[in-house]
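One structure below.
The values are calculated or read from the model by the stated rules, or taken from the named source; none is laboratory data. No experiment lies behind these values; they were computed from the predicted model shown. Don't worry about glycine lacking a Cβ; one is built from the backbone with ideal geometry, like all the others, and counts go over all protein chains shown. Ligands, DNA and RNA are stripped out before the accessible areas are found, and what is left, the full protein with its side chains, is counted by its heavy atoms. Shrake-Rupley method; radii C 1.70, N 1.55, O 1.52, S 1.80 Å.
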Amino acid sequence: MCARTILPALLLLALLAPSPADAAAAPSPSDFLKLPVGADRTLADWGQIVSYFRALDAASDRVEVTTIGRSTLGEEMILAAISSPENLANKARIREIARRLADPRGLSEADAAMLVKDGRVVLLVTCAIHASEIASTQMAMEWAHALATADDAETKRRLSEVVLLLVPSLNPDGQRMETEWYRKNLGTRWEGSRMPWLYHHYTGHDNNRDFTQLTQPETKAISRVLYHDWFPQVFLDEHQMGASGPRMFVPPYAEPLDPDIHPLVIREVNMIGSLMSMRLEQKGKSGVISGWAFDASWPGGSKNTAWWKNVTGILTEVASVRVATPVDVPASELRGGGKGLVTYGTQVNFPNPWRGGEWRLRDIMDYERIASDALLEYCATHRQDVLSNMLARARDSIAAAAPREAYRIPMGQRDPATARALAALLVEHGVEVKADAAGDVWVPLAQPYGRFVREMLEPQRFPEVKLVPGKDIVAPYDVTAWSLPLSMGVSVEKGALPEALRPWGAVGPVPSPPAGTVAFALGPSSPERWKVVAEARKGGEVSFLPSAEGAFPAGTVVLDAGAAKAAARVAADLGLNLVPLAALPKGAARLRAPRVGIYKPWLASMDEGWTRFLLERYGFAPVTLDNAAIRAGKLSAKVDVIVLPDVEKEVLATGKPKREEGEMKYFPEPRPEHAGGLGKEGAGALREFVEGGGTIVALSSSSEYLIEELQLPVRNALARVKADEFLCPGSLVRIEVDTTHPVTFGLPPSTPAFLNEPIAFQTALPGGEMTRRVLASYPSEARDVLVSGWIRGEEKLARNAAAVALTYGKGKLVLLGFRAQHRAQTNATFPFLFNALAWSVM
């Protein structure tokens, strides 16, 4: 080639040379990790996944990886923003447009139209909040790689219209646990088995039930992304389900629908789900169902809560394998069940049933990838519709209330500390909260999240939808009550927004005590006081009043000067008033910290995890007691009080759940070191412990174990009722409280309590070796039982006991039939548990 032709050729090559980011070829997940991602019995763990996304970030100008927080056990939580290079360079402007569309107050029509024109859809996709549903963590790597490297016009078009926020795991602790457990058991009879502990340190499968209370770091992190940082308009949460039914669920959802969800949310959900179904069908993926099992009436999950905040929330569920081990499902084992598919077979919402056969990790990933691509396609194709719909929903939410319509949270109520906690929670949710000159909190309804505010602050009534004539309604999917004021024990009232308001949230200074102060009193009305007590013990002595003395009710805590100094900042932050005292009350008795043990079965219990979390949060420092620890006896040398979480009596006794006659409930044998329950040795050790002076607190179902093993003069009056006679899937019911017992000090005479199981006690006259005391009971009239939610057969609760305290030998027993600490959400009844622990050392 002559010089005349060489020079132009070199110039052309220079012009076509890739940028530095393009030049570093973005490796595939399999090549980078040196393992076949998606193959049978092969999993990338969380460290490998993070390293791959970091490598993709370095190699592609379409990917930016950021840290959005740390998990409960300290793992890095990452988010990959995937879009065109131009969008990523302009992401600050895109986020600002998303924020203004989510809160359009003050926007002119012209400004709004310009934002819709200039904006990009922000799409959030989260994977594997339930860690055993692990396929999407593997799929996420392949999807990200495809979007980062594809050179076709359609992919580029989609990325030019959308900023995808991809969270490869919303539970990285669990992803690591599941992978390690799977690898440990690979090639053994326990391959693909269930772990004997929770895959989230505290909440297990309940981690997606935390999106109203925001108690966990993972929940808080993604809530910040949703409502403070990025304001996505569309949100997909990818899940897996059982292996013996449909292959994949995509929206539309099943009945019922909460009428307060904006109809444009549901219309958009339905269109996206329909496109997913069509694309799956076009790819030959059978077994896709809609309108089944998963309803649109409950705000507890991540994408559910978003509905009331104007976000289009999507759920997908794909049939599982044994973690990464294939399963063979013959046609004879395929079953329907639940609303929308009574019998497995062809119907309008399930036009092409899967016929059975082998099902693999790769199948799950393929279904998820097709659905995810369809979602991205929809958002890109309908960008202006998606943005306009967000704008319309936010405006309608603002317009749905009168300008001054508001809720008031008075700070002069019986438990101002929990009232303050409610206000702080609303702020964390992105809700606008104000304060007046007196310190009362005001929550205006004419705001973008006004629908959410109303849903959270009002009682619930489950929508009774009938698909055919008759008495049967469509059953709830999950709980039916979530009113924050009722569950937290906070008084909230409607009112007209005052004119002069300030932003809420400033914490006052620690007050200086008057001269001559020798101690401080802290009343019993707030469960938050136990945080103060835990801090106070670091600096001095803590006492309590076993009976009322002057202006101070029974249960009042007294802190000496050193204790009060140690706890003053915590008390001020919580909004608790430490009352200065010139002299110690005469009746004050020392209150030492109880040594608390909590039983942990090998059949992992979410209630155990939630209870452990709550006790740690309030300073009780529980120790874990497994079967071996309890069977070994000599428990009084270790603990003063043992908490039995809400666990079936059969699991406590044998380690296996109850199997009803004719019911198929197969549980593979666990590893030998994780097998069994308390057995006779454990029951004997518990009896010895309480007879010798120990205390046992039994929560909900575990109370039946104590009743049976210790032959208590108590029975569960609902033990034999059928679901068509009594059903309470999770509602707030009224209980009437005897406030004169140490376990009930500080409680009001009547309070809502969370009930989700058929438990109501009847007591009998005991022998001379024990005493019994009804601490709380259900109202005498059935019409007074339900406070919020839905219940069938409430008359069966009427007049029965809800909580009972007994003395047994030298020890004590407390039976709580309701969920006093349900998912760390029921502050109103926390005192039943906390006071019971304190009673053990009184």
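Summary of computed values
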{"quantity": "Those residues of the range 268-299 which are within 30 Å of Arg451 (Cα to Cα) and either of a type in the set (Phe, Trp, Tyr) or in a loop (DSSP other than H, G, I, E, B) (or both), in sequence order", "calculated": "Ser290, Gly291, Trp292, Ala293, Phe294, Ser297, Trp298, Pro299"}
{"quantity": "Some residue of the range 176-188 being among the aliphatic types (A, V, I, L, M) and either surrounded by fewer than 21 Cβ atoms within 10 Å (Cβ to Cβ) or in contact with a His (Cβ under 8 Å, 6 or more places away or on another chain) (or both)", "calculated": "yes"}
{"quantity": "Filter result (over 30 Å from Ala319 (Cα atoms) and of a type in the set (D, E, K, R)) within the range 114-163", "calculated": "Lys117, Asp118, Arg120, Asp151, Asp152, Lys156, Arg157, Glu161"}
{"quantity": "Selection within the range 437-472 - touching a Lys or Arg at 6+ places or on another chain (Cβ under 9 Å), in a loop (DSSP other than H, G, I, E, B), of a type in the set (D, E, K, R) and at pLDDT 80 or above", "calculated": "Asp440"}
{"quantity": "Odd one out for His130 among (1) out of contact with any His (no Cβ under 9 Å at 6 or more places or on another chain); (2) in a loop (DSSP other than H, G, I, E, B); (3) not hydrophobic (A, V, I, L, M, F, W, C)", "calculated": "(1)"}
{"quantity": "Test: residue in the range 769-785 that is in contact with a Leu (Cβ under 6 Å, 6 or more places away or on another chain), in a loop (DSSP other than H, G, I, E, B) and either surrounded by 22 or more Cβ atoms within 10 Å (Cβ to Cβ) or polar (S, T, N, Q) (or both)", "calculated": "yes"}
{"quantity": "Candidate set from the range 786-822 (those that are closer than 15 Å to Pro752 by Cα and charged (D, E, K, R)); member that is surrounded by the fewest Cβ atoms within 10 Å (Cβ to Cβ)", "calculated": "Glu794"}
{"quantity": "Which numbered condition Thr212 misses (of (1) surrounded by fewer than 22 Cβ atoms within 10 Å (Cβ to Cβ); (2) touching a helix residue (DSSP H, G or I) at 6+ places or on another chain (Cβ under 9 Å))", "calculated": "(1)"}
{"quantity": "Flag for Leu486 being in contact with a helix residue (DSSP H, G or I) (Cβ under 9 Å, 6 or more places away or on another chain) and open to solvent by 20 Å² or more (accessible area, probe 1.4 Å)", "calculated": "yes"}
{"quantity": "Long-range neighbours under 7 Å by Cβ, at least six apart or interchain, first residue at positive phi within the range 683-706, second open to solvent by 10 Å² or more (accessible area, probe 1.4 Å) and in a loop (DSSP other than H, G, I, E, B)", "calculated": "Gly693/Lys810; Ser700/Asp646; Ser700/Glu757; Ser700/Arg819"}
{"quantity": "Among the residues listed as Gly555, Gly597, the single one being at pLDDT 95 or above, on the phi > 0 side of the Ramachandran plot and open to solvent by less than 70 Å² (accessible area, probe 1.4 Å)", "calculated": "Gly555"}
{"quantity": "Residue list for the range 341-361, filter: open to solvent by less than 30 Å² (accessible area, probe 1.4 Å) and within 23 Å of Pro476 (Cβ to Cβ)", "calculated": "Leu341, Phe350"}
{"quantity": "Unmet requirement for Gly662, which otherwise passes all of (1) modelled with pLDDT under 95; (2) surrounded by 21 or more Cβ atoms within 10 Å (Cβ to Cβ); (3) among the small types (Gly, Ala, Ser)", "calculated": "(2)"}
{"quantity": "Any hit, the range 704-725, residues being open to solvent by less than 10 Å² (accessible area, probe 1.4 Å), in contact with a Lys or Arg (Cβ under 9 Å, 6 or more places away or on another chain) and of a type in the set (Gly, Ala, Ser)", "calculated": "no"}
{"quantity": "Boolean, Ile68 is open to solvent by less than 10 Å² (accessible area, probe 1.4 Å), within 30 Å of the chain's Cα centre (by Cα) and at pLDDT 95 or above", "calculated": "no"}
{"quantity": "Breaking point among (1) in a helix (DSSP H, G or I); (2) within 30 Å of Tyr199 (Cα to Cα), for Ala44", "calculated": "(1)"}
{"quantity": "Boolean, Gly119 is open to solvent by 40 Å² or more (accessible area, probe 1.4 Å) and either at positive phi or in contact (Cβ under 8 Å) with a residue 60 or more places away in the chain (or both)", "calculated": "no"}
{"quantity": "Where a residue in the range 390-411 is in contact (Cβ under 8 Å) with a residue 12 or more places away in the chain and over 15 Å from Arg105 (Cβ atoms) and its partner, wherever it lies, is buried (at least 17 other Cβ atoms within 10 Å of the Cβ) and not aliphatic (A, V, I, L, M), with Cβ under 7 Å and at least six apart", "calculated": "Ala406/Trp442; Ala406/Pro444; Arg408/Asp440; Arg408/Trp442; Ile409/Asp440; Pro410/Asp440; Met411/Asp440"}
{"quantity": "Filtered residues of the range 49-65 (kept if free of Cβ contacts under 8 Å to residues at least 60 places away in the same chain and either over 26 Å from the mean Cα position of the chain (by Cα) or more than 30 Å from Tyr202 (Cβ to Cβ) (or both))", "calculated": "Ser51, Arg54, Ala55, Asp57, Ala58, Asp61, Glu64"}
{"quantity": "Restricting the range 237-293 to residues that are at pLDDT 95 or above, acidic (Asp, Glu) and open to solvent by less than 50 Å² (accessible area, probe 1.4 Å), the residue that is farthest from Gly338 (Cα to Cα)", "calculated": "Glu268"}
{"quantity": "Residues (touching a Leu at 6+ places or on another chain (Cβ under 8 Å) and either crowded, with 16+ Cβ neighbours inside 10 Å or under 15 Å from Val492 (Cβ atoms) (or both)) located in the range 401-418", "calculated": "Ala401, Glu405, Ala406, Tyr407, Ile409, Pro416, Ala417"}
{"quantity": "Selection from the range 189-209 of residues that are open to solvent by less than 40 Å² (accessible area, probe 1.4 Å) and charged (D, E, K, R)", "calculated": "Glu191, Asp206, Arg209"}
{"quantity": "Options Ala475, Ala421: the member that is open to solvent by 10 Å² or more (accessible area, probe 1.4 Å), among the hydrophobic types (A, V, I, L, M, F, W, C) and in a helix (DSSP H, G or I)", "calculated": "Ala421"}
{"quantity": "Residue match in the range 632-647 (condition: open to solvent by 50 Å² or more (accessible area, probe 1.4 Å) and either acidic (Asp, Glu) or within 16 Å of Tyr202 (Cβ to Cβ) (or both))", "calculated": "no"}
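For (1) outside any helix (DSSP H, G or I); (2) free of Cβ contacts under 8 Å to residues at least 24 places away in the same chain; (3) not polar (S, T, N, Q), each residue gets a yes or a no:
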| site | (1), (2), (3) |
| --- | --- |
| Pro485 | no, no, yes |
| Val490 | yes, no, yes |
| Glu499 | yes, yes, yes |
| Ala534 | no, no, yes |
| Ala568 | no, no, yes |
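Table: residues versus (1) touching a residue at least 60 places away in the same chain (Cβ under 8 Å); (2) within 14 Å of Leu165 (Cβ to Cβ); (3) open to solvent by 10 Å² or more (accessible area, probe 1.4 Å).
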position	(1), (2), (3)
Ile82	yes, yes, no
Leu88	yes, yes, no
Pro104	yes, no, no
Val125	yes, yes, no
Ser132	yes, no, yes
Ala140	yes, yes, no
Ala144	yes, yes, no
